[in-house]
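One structure below.
The values are calculated or read from the model by the stated rules, or taken from the named source; none is laboratory data. Note that the structure is a prediction, hence the values are computed from the model and not measured. Positions of Cβ are generated from backbone atoms using ideal geometry, with glycine treated the same way; all protein chains shown enter the neighbour counts. Keep in mind that these areas ignore ligands, DNA and RNA; they rest on the heavy atoms of the full protein, side chains included. Shrake-Rupley method; radii C 1.70, N 1.55, O 1.52, S 1.80 Å.
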Amino acid sequence: MKTRELHDDWTVEALDGPVPSDVRDRGAFPAAVPGVVHTDLITAGLLSDPYLGLAEKQQEWVGSTSWLYQSDFEWQPDGASRHDLRFAGLDTVATIRLNGHRILESENQHRSYRVDVTDTLVAGTNRLEVRFAAPVPEADRRSLELGYRPHVNHHPFNSIRKMACSYGWDWGIDTATSGIWKSVQLQSWSDARIVELVVLPDHDGTDGSVTVRATLDRVTEAPLTLRITVGGESAEAPVSGNEVAVAVTVPGAARWWPRGYGDQPTFELVAELRAESSILDERSRTIGFRSVTLDTTPDDAGTPFRIVVNGQPIAVKGVNWIPDDAFPGRIERSRMFERLGQAADANINLLRVWGGGLFESDDFYDAADQLGLLVWQDFLLACAAYSEEEPMRSEIEAEARENVARLGSHPSLVVLNGNNENLWGFADWGWQPRLEGRSWGELYYRTMFPAIVAELAPHVGYTPGSPFSPDASADPNDPQHGTMHIWDLWNQKDYPHYRDYRPRFVSEFGWQGPPTWSTLTESLSDSPLTPESPGMLVHQKADNGNVKLTDGLVAHLPLPNVMQDWHWAMSLNQAVAIRTAVEWFRSLQPHCMGTILWQLNDCWPVVSWAAIDGYGRLKPLWYAVRDAYAPRLLTIQPADSGLRLVAVNDSADDWHATAKVERTSFDGTPLASEDIEFTVPAFATRGVDLAASISRPGEPAREVLVATAGEHRGLWWFAEARDSELAPPLWDASAVRVDRGVEVRVVARSLIRDVALLADVVAADATVDRMLVTLLPGEEAVFTVETKWSGDPHRFVENDVLRSMNDLTDQRRSPTAIEGHD
């Protein structure tokens, strides 16, 4: 097969819609393919970057406008018997013409399209036109045609097969773009080609094996053979009709493991479609050998949810993943590897690809395979009811089949999940009277998707939704059964109430915080910049988001009236909230076998639940996640009798240690102590109740409980910071230049909670190796900053950079008036 990319010499032009006069007067202007119209408009100087300031409002017209892409390309007959145009991704509803002939109507961003243009091509110049319907009115129109179905947010995203969050979300910008967002190819072939390749790897504990099934398109009856090569082994089989299957065994093949449980060996699989000695078509896949089961066997406490890989139950330390850019086509492979590398560096072992985004790219899955990150991929139905009738039904089936076949060979893929929150929505969100008997998507979750997974990826686990209860009689979000989402804390209560739950598996929970300071100031030009200044409000999408931020803070810390203090307080509170939740849920292992934090990343600069902001910078939350997800965790948690010391060992070696547990005053005076010797087997958890003399404070406002075992430390505070005698921080801080940056040394002269070095305040490129370090009097911490910034290193110990929780206990202080820093 000969493949030619048709990516050159495209133009785009606004057609119908509320088009500004300067854009209409410009006519056709250059377009990038792959790409979308927003980025073309920005490049042409016709649109401000919607990530900046108030510009989101200024680009709303784009989603209400239809667009025409055009390109001319040269072609001459080359002897091939078939010529196909393949569109890897069209966003979204489009009419495609070649030389004036309508050849295709596209309906779906989440699938590819192929059309035979053998009889439409002409020798010489050919004109290709792609006309996109305006996505906002198109969704509105289709919503009426299909019949209203409940959904969140302000556009009926559930009426169209377009990335749901492109219509905006409670963390996402509303762009609703159009464009040829993936490649366009002219593919010329003779005899036959591979239409679909289904790769089914397995491992019996000794040997690896793989079965490959191929479906063909052929224009000849000549004998054909499919040959498979993997791991130095080969096998082949003759084609019968349009289908063929080949099985290969790889003796002694090593198994692929998630990170923390073993290595990640992978093998290149090559499939060759042959006619005698000629190779007509060739495909390759990277595969790994492993087994996966989802354990939902009822027990005395309800119904667990455990992901079991190669017979080993995995303690899931996960994060939810959203598209990493509002315009995903511009995410390069290097950026995907960087982002997943940041996840791995935070001790994360699973990413859940959320159902309002995309079936993620091969680059994403390649990175996950290499890094040992498990992937849970949602089917793309989220927070809404969906029509089960045509034309929606066929489009959803087509996208599901194509993407399960594409992704199923990746060893990292362990869960395919039917939807996000739709089972819960139908049961508990008041949908049923609004639906008036209309279909809502259950057909997909209970029938279509499990059948597709059983056919195309039986080696991958399937769940009908998140949350879901394997016990069909239970509420979908019942904490005793299956997976659950916990959002009443952020929306209504406070983060200490995470400890009210004893879930079996938490697949969503989260707490908001702002992006890093440099991202905030690069994207906003408000003067003054305040939590409620115009740009800040545009970049806060959550319903009553600022009110919830405030309500979630004031029980713990006073509300600051200085913007940098507000930024630090909300960033710290987000980190402490999630640290509190994760340590509690991990302390419940093996009763609770997983947490998936909402969320790892952002798609633009915004106040959100992310640990990595929209410009790829690490928020304090990222450091809290890294520490809370550490392979070995020492934590103090409440118990019926008082307090309990829990040691969590998610490593392959037994953990033998003696923990020194000491109740001490804030000035460092020891008040009570005991030594606790413990042994925790590999991948296990152990806890011991603490004596009353240790766990009951004399003066709660000025005492802390500290458990130390080697490099591991757990802390318990008897009073909230605002109600305690936490004094202004006293420390000796110095900074010296070192290779690649600056080293900051801090020696505490008082108790200092959650010391953080906000390096990006000094330089946008600056990163720091650690954060949120609590120091007892006399203790020392060293922070290493990487930066190309060449100014005075002392800048990194100034009061707006070197921060702590102590800074915030007196709201009268500001970053320029914090006492006690030397």
> Just one of the numbered conditions (1) open to solvent by 70 Å² or more (accessible area, probe 1.4 Å); (2) under 31 Å from the mean Cα position of the chain (by Cα); (3) closer than 30 Å to Q187 by Cα is not true of E60; which one?
Replying inline: (3)
> Going through segment 128-155 one residue at a time, which ones are open to solvent by 10 Å² or more (accessible area, probe 1.4 Å) and assigned to a loop (DSSP other than H, G, I, E, B)?
Replying inline: A133, A134, G147, Y148, R149, V152, N153, H154, H155
> Given L186, L144, which one is farther than 20 Å from E60 by Cα and without any contact (Cβ under 8 Å) to a residue 40 or more places away in the chain?
Replying inline: L144
>> Out of the residues in segment 378-412 meeting the condition of being touching a helix residue (DSSP H, G or I) at 6+ places or on another chain (Cβ under 7 Å) and part of a helix (DSSP H, G or I), tell me which one is farthest from F289 (Cα to Cα).
In response: M392
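With a cut-off of at least 1 residues that are touching a residue at least 12 places away in the same chain (Cβ under 8 Å) and acidic (D, E), name the strands (runs of 3 or more DSSP E) lying wholly within segment 419-526. Break it down stepwise before answering.
Details: elements: 461-463, 484-486, 506-509.
It comes to 506-509.
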> Among the numbered criteria (1) assigned to a loop (DSSP other than H, G, I, E, B); (2) within 24 Å of Q589 (Cβ to Cβ); (3) not acidic (D, E), which single criterion is violated by A542?
Replying inline: (2)
> Got at least one residue in segment 313-324 being open to solvent by 10 Å² or more (accessible area, probe 1.4 Å) and more than 17 Å from the chain's Cα centre (by Cα)?
Replying inline: yes
>> Considering only segment 344-353, I want to know if a residue exists there that is crowded, with 23+ Cβ neighbours inside 10 Å and either of a type in the set (F, W, Y) or closer than 30 Å to A32 by Cα (or both).
In response: yes
>> Whether any residue in segment 290-308 is open to solvent by 40 Å² or more (accessible area, probe 1.4 Å) and in contact with a Leu (Cβ under 8 Å, 6 or more places away or on another chain) is what I want to check.
In response: yes
> Taking segment 634-675 as the search range and keeping residues that are open to solvent by less than 20 Å² (accessible area, probe 1.4 Å) and of a type in the set (V, I, T), which one is farthest from P313 (Cα to Cα)?
Replying inline: T664
>> Could you list, ordered by first residue, the pairs with Cβ atoms under 6 Å in which the first is in segment 763-784 and outside any loop (DSSP other than H, G, I, E, B) and the second is surrounded by fewer than 18 Cβ atoms within 10 Å (Cβ to Cβ) and of a type in the set (A, V, I, L, M), at least 6 apart or interchain?
In response: E780/V747
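Restricting attention to segment 693-737, and to residues there that are β-branched (V, I, T) and not in a helix (DSSP H, G or I), which single residue is surrounded by the most Cβ atoms within 10 Å (Cβ to Cβ)? Outline the logic, then answer.
Of all residues in segment 693-737, those β-branched (V, I, T) come to 694, 704, 706, 708, 736.
Filter once more, so that each one left must be not in a helix (DSSP H, G or I): 704, 706, 708, 736.
On the way: V704: 23, V706: 19, T708: 17, V736: 10.
Going through the qualifying residues, I end up with V704.
Filter segment 95-114 down to residues that are under 22 Å from T125 (Cβ atoms) and small (G, A, S), then give me how many there are.
Step one: list which residues in segment 95-114 are under 22 Å from T125 (Cβ atoms), which gives 95-104.
When the remaining residues are screened for being small (G, A, S), the result is 100.
Going through segment 95-114 one residue at a time, the tally reaches 1.
Would you mention how many residues in segment 35-53 are in a loop (DSSP other than H, G, I, E, B) and either open to solvent by less than 50 Å² (accessible area, probe 1.4 Å) or in contact with a His (Cβ under 7 Å, 6 or more places away or on another chain) (or both)? Write out each step before concluding.
Quick first cut of segment 35-53, residues in a loop (DSSP other than H, G, I, E, B) only: 35-36, 44-53.
Next cut, either open to solvent by less than 50 Å² (accessible area, probe 1.4 Å) or in contact with a His (Cβ under 7 Å, 6 or more places away or on another chain) (or both) only: 35-36, 44, 46-47, 50-51, 53.
Here the count works out to 8.
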> In segment 610-640, what residues are more than 17 Å from the chain's Cα centre (by Cα), in a loop (DSSP other than H, G, I, E, B) and in contact (Cβ under 8 Å) with a residue 24 or more places away in the chain?
Replying inline: A630, P631
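Has segment 259-279 got at least one residue that is in a loop (DSSP other than H, G, I, E, B), open to solvent by less than 20 Å² (accessible area, probe 1.4 Å) and either among the hydrophobic types (A, V, I, L, M, F, W, C) or within 24 Å of L351 (Cβ to Cβ) (or both)? Before the answer, list the steps.
Taking segment 259-279 first, the residues in a loop (DSSP other than H, G, I, E, B) are 259-266, 276-277.
So of that shortlist, the ones also open to solvent by less than 20 Å² (accessible area, probe 1.4 Å) come out as none.
Checked against the condition, which is being in a loop (DSSP other than H, G, I, E, B), open to solvent by less than 20 Å² (accessible area, probe 1.4 Å) and either among the hydrophobic types (A, V, I, L, M, F, W, C) or within 24 Å of L351 (Cβ to Cβ) (or both), segment 259-279 yields no hits at all.
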> Quick check, is D675 over 24 Å from R722 (Cα atoms) and within 39 Å of the chain's Cα centre (by Cα)?
Replying inline: no
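For segment 63-79: of the residues being assigned to a loop (DSSP other than H, G, I, E, B) and open to solvent by 30 Å² or more (accessible area, probe 1.4 Å), which is farthest from E129 (Cα to Cα)? Steps first, please.
From segment 63-79, those assigned to a loop (DSSP other than H, G, I, E, B) are 65-66, 76-79; that's our starting set.
Now narrow it down to the ones that are open to solvent by 30 Å² or more (accessible area, probe 1.4 Å): 76-79.
Values: Q76: 19, P77: 21, D78: 23, G79: 25 Å.
That would be G79.
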> If you check D345, D369, D378, D362, which single one turns out to be under 17 Å from the mean Cα position of the chain (by Cα) and closer than 23 Å to D478 by Cβ?
Replying inline: D378
> If you go through segment 471-484, how many residues are under 13 Å from F305 (Cα atoms) and modelled with pLDDT under 95?
Replying inline: 1
> So which residues in segment 524-558 are surrounded by 15 or more Cβ atoms within 10 Å (Cβ to Cβ) and at positive phi?
Replying inline: none
> What is the one condition in (1) closer than 24 Å to V152 by Cβ; (2) part of a helix (DSSP H, G or I); (3) hydrophobic (A, V, I, L, M, F, W, C) that V415 does not satisfy?
Replying inline: (2)
>> Just to be sure before I move on: is L407 buried (at least 24 other Cβ atoms within 10 Å of the Cβ) and in contact (Cβ under 8 Å) with a residue 12 or more places away in the chain in the structure I sent?
In response: no
> In segment 297-306, is there at least one residue being in contact with a helix residue (DSSP H, G or I) (Cβ under 7 Å, 6 or more places away or on another chain), of a type outside the set (D, E) and in contact (Cβ under 8 Å) with a residue 60 or more places away in the chain?
Replying inline: no
> Looking at (1) surrounded by fewer than 20 Cβ atoms within 10 Å (Cβ to Cβ); (2) out of contact with any Phe, Trp or Tyr (no Cβ under 6 Å at 6 or more places or on another chain); (3) within 18 Å of L407 (Cβ to Cβ), which is the only condition D471 fails?
Replying inline: (3)
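Before we move on, is T463 among the β-branched types (V, I, T) and either farther than 30 Å from E196 by Cα or open to solvent by 40 Å² or more (accessible area, probe 1.4 Å) (or both)? Full working, then the answer.
Working: among the β-branched types (V, I, T): yes; either farther than 30 Å from E196 by Cα or open to solvent by 40 Å² or more (accessible area, probe 1.4 Å) (or both): no.
In short, no.
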